Every structure is written in structure tokens, then in C-alpha cells.
1. If the chain between residue 57 and residue 238 were fully stretched, how many nm would it gain, using 0.36 nm times the residue separation less the Cα-Cα distance?
2. For the stretch 408-504, what Kirkwood radius comes out of the mean inverse Cα-Cα distance, in Å?
3. What is the P(r) of the chain, as percent of Cα-Cα pairs per 10 Å bin from 0?
4. Once the cut-off is 22 Å, how many percent of the Cα-Cα pairs in the stretch 94-204 end up in the long-distance tail?
5. Going by a ≥ b ≥ c, the root eigenvalues of the Cα gyration tensor, does the stretch 184-282 fall in the rounded group (a/c under 1.5), the prolate group (a/b larger than b/c) or the oblate group?
6. Could you put 488, 77 in order, starting from the residue whose Cβ has the fewest other Cβ atoms within 10 Å?
7. Report the trypsin sites (Lys or Arg not before Pro) located in the stretch 424-517 that are in a DSSP loop and have at most 13 other Cβ atoms inside 10 Å of their Cβ, or state none.
8. Taking the stretch 421-505, which GluC sites (Glu not before Pro) meet the DSSP loop condition and have no more than 10 other C-beta atoms within 10 Å?
Amino acid sequence: PVLVVDFGAQYAQLIARRVREAQVYSEVVPHTMPVSEMVARDPAAIVLSGGPSSVYADGAPQIDPALFDQGIPVFGICYGFQAMARALDGGVEHTGTREYGRTDLSVVGDGGTLHQDLPAGHPVWMSHGDCVTKAPEGFTVTATSAGAPVAAFEDTARRFAGVQYHPEVLHSPHGQEVLRRFLHEVAGLRPQWTTSSIVDDSVEAVRAQVGEGRAICALSGGVDSAVAGALVHRAIGDRLTCVFVDHGLLRAGERTQVERDFVAATGVRLVTVDAADRFLSALAGVTDPEEKRKIIGREFIRVFEQAARDLQAEAGESGEHFDYLVQGTLYPDVVESGGGTGAANIKSHHNVGGLPDDLKFDLVEPLRALFKDEVRRVGLELGLPETIVHRQPFPGPGLGIRIIGEVTAHNLEILRAADSIAREELTAAGLDRDIWQCPVVLLADVRSVGVQGDGRTYGHPVVLRPVSSEDAMTADWTRLPYDVLERISTRITNEVSEVNRVVLDVTSKPPGTIEWE
Ligand code: XMP
């Protein structure tokens, strides 16, 4: 792999994704990893990421100069560029000139391999206080900017290069091309990381792990479990059984999407457990959000556990049993829980932590090395429909945390009707890809007076919560066109008799969360 050394900024994962967009496999490793350990991974190249600190700050992460004696190509970015210059005895100074944001980059001379034929002055994204004032011996300076006398350098003989700016962000329009040139032309790597190779390699890996064993996969209706299930099915066929727990808190059409569309696309063996009544009884009288979440989580584990036991019992009759549990863990979870090498990580432990001891499964995590966009591409490659692959996020506790008040069959029916109108209109307006998600929330505890036909009504409001986001950590409310809002409002109040008011949530996150509970 290409190792992306994380110096603690938020950019390392983004860099890893960009490397993969250049069709070269990459992994993120912490800067504390000793050089010997990096070398042991046989890296095709090493990319040093940006970092938060000045190379001169107390405790600033350094690079072991031994890294440059291994014959491995190295590319330094921002902090990594400065740390590289310092380790190789170039000059790095705290000049007091800072550059933040968009800056014009001037190509020096012919621009070398990385910047050749790029526009003489072109915009890049900078974020630095210190700067490299002198390139190390053997390096050629290939670009400069107002605040960075040395903004790019390269030593193609030793296959080293670096840039002061952030090539990984979209605000550096030629950044991806520069990164691609480093990987393909300087480091000499071949573009082999393609969707079909990901599928082939993953299928191989699952076969190698599971052998003749059997696996269970819990489908949630979401993208990750669907793609993980489809991939494992491709690898082991009918030795995989998918379990779909219908907790009765799903939106209109979601069960059909799993039972009909997913099965039609994959041919997977599916067991649906209809547990709506059980969840409703457990939720009766409960209005506290955390309480609801706990109950739903607990019941889910219990139902799944029972389904797994039933399957074990059935399989046991023919002398077989299930040894593996498929999980849709993604690479960002692996990186964030400090993993990458170990067999299991914190998150998956948490996810299966609720299962009792007599249900011992080994985990199969076929998406462990993948970013979300790669998971979607793999899903399409495996023939899953767009409706599943590009599904917007939907919380595990489902509509249970979108009813403010008690979760009852009646309230669920009202919310499901309002929600499906909102979704229909957003889809018809072509807005699905513009919004991150749009929860519809029923204020079951609130009543408002209205007038419909000739009569006074005393119904409930619903809230539309359209948000735009990159990762759900922060979000902004989406400025939906008024005519779309109008159609949603009119239709909901006309077609759902219990609702006489539609309101729009115009709160960003923070301070609001995306969901209301
Ligand atoms: P909040 O409300 O915290 O939501 O801003 C952030 C994102 O996470 C989703 N969400 C959940 N997803 N289980 C999930 O699988 C949950 O309990 C849960 N709670 C919130 C939410 O829809 C949004 O995308």
C-alpha cells in the first residue's frame, strides 16, 4: 500500500481517498509508528500529511530521517513538507508571514515533473505559519508563492517530492493531478485499485477467511450492510443467510426494498423477522429519547439473537452451524478506533458486544478497508439498485426517534404517511443528491388549531428537517425551493388528516442535532 502518515490534522483520510482516486491503494498510519514498522508493511510510497502544529512547537511530531534511507518514494504535504525539509537539512523558518486559504502558486522554471505545463499562476489552498526557505540538497524548487519561497520541491532521482499547499482539497484545482503525477510518474506506481479489482480481492479474502463455513448478516436496509451482504454472498453463496429485523419503525417501502429489490439483485437467502408488535409493546408509554434508544437497541439484539439461535438449530440438524457474523464496518471507523492492523476494532466489538456467549461468531468485515464512496461503487458493481446504493442515512432506531411523544401504531402511521409524501416530492424535484437527508418529525405531544373545509381542527404539526452535510458531524439547513416546500406542505395537510400544520426547521448543527431526539 501507499502509507499516509497522519500528523494529526483532519486531512489524512482525505489524502488516503485521493490516493485511491488515483487508483492506488492507501492506508492511514499514525506518525508515532516507527520507521521499521512502516518498512515492514512494504509500502509502495509514503505520503506525509499536514498537521496542526509548527515544526518548532514543543512536542511537534518529527520524522525519523531514517525514513529517507529506505529507497521508498516520499511525498510531503504542508506540515509533512516542512518536516521533510527539516529532516533532510533544508531550511524551515518561522517568518511570521502566514498564508491561509486561497493563494496563487507560481510555477518556477519548467515546473519539474509535478507542476510541468500547469498554468504559470494557479490557485492552491494554503494553511501554514512556518515556511520552507531552502530546499534540501539534491532538490529542485518547482513552485513558489507570496508567503512560501519554496512552495514545492522534488528530487526525482531519489523519488522524493513535496508541496506546501493542500493538493487533496477541491480548492486546489490541480492538486489531484499533482498527486497523481507523484504516484504514477515519480513513484512509478500502476493504477490498479479499481472497483472490479476491489470486488475480486474482497471476494477472494472472504473465501479465504470463511472457507466452507457459514455466515449470518443482519441487514438494516442501509447501504453498508447491503453491500457487505452482497459481497459475502458473491463469495460464499447460500452459505450466507441474511436476517432482516423489521422493528416496525421503518419508513414506507423500506421492507419491500430489502425483501424484493435486494433479494432480486443478489439472490440472497433472506429471513425476515416481523417484530413490530414486540417493539411497540416495549415502547408503550415511553417518551424519553434516551430511554427509547436503549429499548430499541436492546430489543434489536434480543430479536437478532433469537433468529441466530433458530438458524443454528436448523443448521444443526444437518450437522452444520454458523461461525461468522458479517459486519459493514468501514475504513473510517477502523482508522478512528486506532485500528488498521488488529483483527477486531472497538466499534465492531461494541456492535456485537450485546450478543451472549453461546453465540460466538468470528467477524467478517469485507468493507473494512473501504471508504463510503468505494462502498457505493462496489454496490453498483455487484448489481445493487441505485435506490439502495445511494440511500440517504437513516438512524437505526428509525421513526421511533422522530415521534416526539409516545411511539404508537397510530403515530407511526401518521408519520409514515407524511414522510413518504416529503420523500416523494423531494425525489420528484431531483433534490435527493443535494440534501444529506430530510427527517420528518411528528410532534405527537403538541396540538395546534387549524381550519380545514368549514371546520375547526385540532391536530398535530410535523417538522421538515432538510439538511446539507459532508459527514453528519456538522450540518446546515438546506435552502429548499419554496415551491417544493409548498407542494410538500399542501399535500401533507390534504392527505394526512391528523396533521394540520407543516413547519420548517432552520437550525444548523451545531447547535441543533440532525435528528430531534
Ligand atoms: P444527529 O442527530 O446526532 O445525527 O445529528 C447524525 C447522523 O446520525 C444519524 N443517527 C443515527 N444513526 N443510529 C444510527 O445508525 C442512531 O441511533 C442514530 N442517531 C442519529 C442521523 O440520522 C444523522 O445522519
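1. Value of the extension gain: 59.4 nm.
2. 14.0 Å
3. 4, 16, 23, 21, 18, 13, 5, 1, 0
4. Of all Cα-Cα pairs in the stretch 94-204, 36 percent lie more than 22 Å apart.
5. The shape class here is prolate.
6. 488, 77
7. 433, 479
8. Counting only loop positions with at most 10 other Cβ atoms within 10 Å, the GluC sites (Glu not before Pro) in the stretch 421-505 are 470.
A short reminder: the numbers here are calculations on the coordinates, not readings from a lab. The structure displayed is predicted, hence computed values, not measured ones. Methodologically, a virtual Cβ is constructed for each residue, glycine included, from the backbone with ideal geometry; neighbour enumeration extends over all protein chains shown.
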